[in-house]
């Protein structure tokens with residue numbers, strides 16, 4: 001992936017995220033002009049082209065163009081819908097792959113530079129039927145307007161002996177055509193569909209905001225009319241569709257499949273620093 005300095009990155013993201021100003025479309029990869037990472041309409045060629053999505057969803061626009069300005073980002077992630085405060089651990093339980101699941105989501109004080117941008121490291125540890133099944137290191141960063149971006153992950157699937165059997169799903173922005181995406185907008189907008197990640201054939205998750213006033217009850221507590229609800233999908237698994245619920249000041253509290261194999265994770269505990 002070529003690398004060019006961009007100017008006005010934050011303004012471009014804000015313009016589309018708030019629908020208050022026009023945004024200039026990014027250049028096609030390989031052009032000589034400066035590129036602005038934005039959620040503007042995709043060019044007709046290259047990996048940032050619009051990706052087919054379920055017919056019930058609006059067209060997805062890419063979350064980023066190929067070049068990133070590190071100065072446009074910060075490791076202080078205080079987006080109210082997805083705050084990542086070092087020392088925080090969110091614990092979930094539920095069902096995955098037909099087995100009882102326990103998942104721990106730990107925000108660390110570590111950072112890692114991905115595509116020139118320092119990102120916060122989040123450790124995600126999944127146990128199925130009491131055995132460690134998967135460990136993931138996720139990389140997030142926030143732009144100066146409050147949008148949380150996803151810059152990649154390192155994933156390891158383990159066998160019963162703890163031996164790594166697969167790293168499928170691992171990707172890093174800037175490597176082999178992979179591009180970052182917006183994981184959570186500063187101001188979520190009902191009906192907006194965005195791409196969270198892009199590594200062709202490996203990581204192509206998308207989301208759409210469905211509601212800002214949903215209710216959700218999980219073991220941690222019940223929330224009436226204040227939850228952000230999204231649907232998430234990937235063209236790599238067209239028969240699977242999930243809903244996620246987020247609460248201000250906490251983050252994700254529930255994930256449940258609405259199409260495909262029955263899977264669910266619900267928040268049971270929050271440990272704060």
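Quick note: the coordinates plus some simple rules give every number you see, no bench work behind them. Please read these numbers as outputs of a predicted model, since none were measured by experiment. With ideal geometry, Cβ positions are generated from the backbone for all residues, glycine too; neighbour counts draw on all protein chains shown.
Using a 7 Å offset from the Cα along the Cα-to-Cβ direction at both residue 211 and residue 113, what is the distance between the two label points in nm, to one decimal?
Taking the two extended label points, one gets 4.5 nm.
Over the stretch 74-271, what per residue volume does the convex hull of the Cα atoms give, in whole Å³? Mind dumping the intermediate values first?
On the way: hull volume 23.2 nm³, N = 198.
It comes to 117 Å³ per residue, whole-number rounded.
Please report 141, 121 as a ranked list, fewest other C-beta atoms within 10 angstrom at the top and most at the bottom. It would help to have the intermediate numbers written out before the result.
Values: 141 27, 121 19.
Going from sparsest to densest Cβ surroundings: 121, 141.
Within 10 Å of each residue's Cβ, count the other Cβ atoms and sort 179, 185, 252, 237 from fewest upward.
Numbers: 179 29, 185 25, 252 20, 237 13.
Listed from fewest to most nearby Cβ atoms, that is 237, 252, 185, 179.
Taking Cα pairs under 8 Å and at least six residues apart, what relative contact order does the stretch 74-271 come out at, in percent?
19 percent
Need the full-extension length gain, residue 270 to residue 135, defined as separation in residues times 0.36 nm minus the C-alpha distance. One decimal, nm. Let's see the in-between values first.
On the way: separation 135, 0.36 × 135 = 48.60 nm, distance 1.94 nm.
Extending this stretch completely gives an extra 46.7 nm.
Need the C-alpha centroid separation for the stretch 75-116 versus the stretch 174-191, integer Å.
Each part reduced to its Cα centre gives a spacing of 17 Å.
Tell me, how many Å apart are the Cα centres for the stretch 216-266 and for the stretch 117-131?
Here the answer is 18 Å between Cα centres.
With a 10 Å Cβ neighbour count serving as the proxy for reagent exposure, in which order, fewest first, do 151, 223 appear?
Lowest to highest Cβ neighbour count: 223, 151.
Label the stretch 153-236 by shape, choosing from rounded, prolate and oblate, from the square roots a ≥ b ≥ c of the eigenvalues of the Cα gyration tensor; if a/c is under 1.5 it is rounded, and otherwise prolate applies when a/b is larger than b/c, oblate when it is not. Intermediate values should be presented prior to the final figure.
Details: a/c = 3.09, a/b = 1.45, b/c = 2.12.
It comes out oblate by the Cα gyration axes.
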